[in-house]
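Nothing in this text is a laboratory measurement; each read-out follows from the coordinates by a stated rule. Please read these numbers as outputs of a predicted model, since none were measured by experiment.
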Amino acid sequence: MNMKRVLPVLLFLVTVVLAFGTVAEFDTPVIKEWTQTETNDKGEEEVVDYMTIDGIMVHETDPAKQPQPPVVQPGTESTQDTPGQAPSDAIVLFDGKDLSNWTSTTPGEASKWLVKDYAMSPTKDSGMIQTKQEFGSCQLHLEFATPKTPEGEGQGRGNSGVFLMGQYEIQILDSYENTTYPDGQAGALYGRKKPLVNASRKPGEWQTYDIIFHRPVFEGDVVVKRATFTVLHNGVLIHDHYELSGGTGWRGSHSITNYIPHGDKGPLQLQDHGNPVLFRNIWIRELAD
Ligand code: MG
């Protein structure tokens, strides 16, 4: 056989094997299968197939081996006039009554945000607020309304933002017939990823974000597992399990940070960007990483 012909083929095969070796990086379940001869209801003998996945039998009914999922009383949907209710296992961060779960991001300062008509909003020079409790991976629901009478344009219209772990901003902006750079419009992972679509409602109308966030994991200074975001804006998917390429911190007019190592938990923050954006019905459910 001509070695000059064989070598490229061999090299190609080695490349394919290596490529598949690197692609197939997922958890492989331990599967065991067997058959048993059993007597059925009619007294007949039959061969029954059994399978375990990671040691648990498929269709296991013994709660000691396969516990039932916890029961959760679902919440209610909001309307434009009335905020909905959180699911029974959620931590309610703001129910329209007070700011008891929140504080200023300036150490030692009380929050100057205003609570009125079951909503809260920043006041002039009030600064950002953050939750007293810290969170990592989570499901977060929040509702906001940008000012009914729009003022300014681009980033200057109805600007706020929700920062997960005090780090990762999902932009809040009046993006209804208001154009700005796509990675800074409503729903953008600020500076990193534009939303899949613009699902903004009109100024003054209540809007929802439902966010499923998995925190990044660091080993020393190195990120070994990136953060992921799934986000629905007004019920419309705008981020589909997106793996965030880095941090969203503002560094300059055309530059944002890369990942900066931080702890396993951090506060949820709401931005004061000089526009009186309203917030209501904020709740969170902690998730396993
Ligand atoms: Mg913002």
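A few remarks follow.
- Comparing Pro261, Pro83, Pro203 in a Gaussian network model of the chain (Cα springs below 10 Å), the most mobile by mean-square fluctuation is Pro261.
- 0 to 90° range, to nearest 10: angle between helix 3-23 axis and the chain longest Cα axis: 60
- Overall form of the chain per C-alpha gyration tensor (a/c, 1.5; a/b vs b/c): oblate
- Relative to one another, the C-alpha centroids of the stretch 50-71 and the stretch 149-187 are positioned 46 Å apart.
- Expected 222 nm ellipticity per residue - DSSP helices of 4 or more, -39500 (n - 2.57), all of the chain, to 500: -2500 deg cm²/dmol
- Anisotropy class of the stretch 207-251 from Cα gyration tensor, a/c 1.5 cut: prolate
- The distance linking the stretch 249-289 with the stretch 193-239 is 11 Å (Cα centroid to Cα centroid, whole angstrom).
- Cα-based shape type of the stretch 27-68, given that a ≥ b ≥ c are square roots of the gyration tensor eigenvalues and the cut on a/c is 1.5: oblate
- 3J(HN,Hα) along the stretch 41-47, derived from phi through the Karplus expression 6.51 cos²θ - 1.76 cosθ + 1.60 where θ = phi - 60°, amounts to 4, 8, x, 8, 7, 9, 8 Hz, with x in place of Gly and Pro.
- If you run the Gaussian network model on the chain, springs between alpha carbon atoms under 10 Å, then out of Gly220, Gly187, Gly43 the most flexible one is Gly43.
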